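Trainee: Have a look at this one.
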Amino acid sequence: MTVFQKVLNLAILGALLGGTLFLTFFSKPFQQERSETILIVGLDDAAGLPDTILLVALPPQGGAPRVLSIPRDTLMAMGTTGADRINHAWARGGEAGLKGVLGRLADIEIDRYIVISMSDLVGLVDRLGGVLVDVPTAMTYTDEAGGVKIDLGAGPQTLDGEGAVAFARFRGDALGDIGRVSRQQMLGHALLVAFKNATLPTQWNAARTLLTDAKTDIQFEEALVMIFRTRGERPLTEILPGWFHEYDPYWHPDMTKLNLWLRDALGANSP
């Protein structure tokens, strides 16, 4: 048994004991010189393009991660081919294409990535026994061509996997993509609550199955360390600062505010 495996076993024991002091001690050997960045992509199975793009920054000292939601309609430079929506960078190179446009946008270095399909999300929610969400308004939408049917009533309710995906995909309000991003953040919080309240075997099975089914360069042991480093603190979520112009359908990034977010989230020693 390697030293890492021994430490990992102690970490699991700490989770069983539920000791905050133990988790704080455990996280110290894994502190980073700068925030560790993770690109999370939610892939639309039908369209084959990202429906959700998240940049997560795990602070070097541990604690609450910073999460930046990037609207899929964000206008990005695509190298020599002009500008387009950020999710179209996926068609030009998958996760490498997204990393490329983020690097050109603000010199953002991505350490790890995970690509989660809609079917992966359905399975995760169902394995956790559903998620409790307060649906802000009734949501009804049908797209026969795209195979999308959404019919959710307003109010607090436990959504199964299919219902959670429908909640995350709905765009039929005045805010369009920005409203959908806000609902995706709500779903993310609900998932974390469901995971935290689940039994340890359920947590273990849900995390291992997700990492097995999804496309990622994160190992299961690494994921456990990342979870421990958050110390169970609620993520700080924001939407990429920007605005819509009246004459085009794109979300235009506010680079001044984005650079401030990157400075705060990635730390003074970030590249």
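What follows is calculated from the coordinates using simple rules that are stated; it is not laboratory data. What you see is a predicted model; the values in this text were computed from it and never measured. Quick reminder, even Gly has a Cβ in these numbers, built from the backbone with ideal geometry, and neighbours come from all protein chains shown.
Trainee: Which of the three applies to the range 197-260, rounded, prolate or oblate, going by the alpha-carbon gyration tensor with a ≥ b ≥ c and a/c under 1.5 meaning rounded?
Mentor: Note, shape of the range 197-260 comes out prolate.
Trainee: A follow-up question, please. Net charge around Met118, counting only other residues with Cβ within less than 10 Å of its Cβ (Lys, Arg = +1; Asp, Glu = -1)?
Mentor: -4
Trainee: Sort Met139, Met76, Met255 so the one with the fewest other Cβ atoms within 10 Å of its own Cβ comes first.
Mentor: Met255, Met139, Met76
Trainee: How much net charge surrounds Leu211 when only other residues with a Cβ under 11 Å from its Cβ are counted (Lys, Arg +1; Asp, Glu -1)?
Mentor: -3
Trainee: So how much slack lies between Glu221 and Ala46, counting 0.36 nm per residue of separation and subtracting their Cα-Cα distance, in nm?
Mentor: Stretched out fully, the Glu221 to Ala46 stretch lengthens by 59.9 nm.
Trainee: Karplus couplings for the range 111-124 from phi (6.51 cos²θ - 1.76 cosθ + 1.60, θ = phi - 60°), rounded to Hz, Gly and Pro as x?
Mentor: Here the 3J(HN,Hα) series is 8, 9, 9, 8, 10, 10, 7, 4, 5, 4, 5, 4, x, 4 Hz.
Trainee: Distance from the Cα centre of the range 42-90 to that of the range 97-162, in angstrom?
Mentor: Cα centres, the range 42-90 to the range 97-162: 13 Å.
Trainee: Give the residues of the range 154-168 whose amide nitrogen is closer than 19 Å to a point set 7 Å from the Cα of Thr209 in the direction of its Cβ.
Mentor: Answer for this model: 158-166.
Trainee: Arg231's amide H: which non-local residues (gap 5+, or another chain) put their own amide H closer than 5 Å, with H modeled 1.01 Å from N in plane and none for Pro or chain starts?
Mentor: Under 5 Å from the amide H of Arg231: Gly63.
Trainee: With a 10 Å Cβ neighbour count serving as the proxy for reagent exposure, in which order, fewest first, do Ile108, Ile53 appear?
Mentor: Final ranking by Cβ density, sparse to dense: Ile108, Ile53.
Trainee: Over the Cα atoms of the range 31-266, what is the Rg over Rh ratio if Rh follows Kirkwood?
Mentor: Ratio of gyration radius to Kirkwood radius: 0.94.
Trainee: For the range 160-165, just list the computed ³J(HN,Hα) in residue order, Karplus coefficients 6.51, -1.76 and 1.60, θ = phi - 60°, integers in Hz, with x standing in for Gly and Pro.
Mentor: 7, x, 5, x, 5, 5
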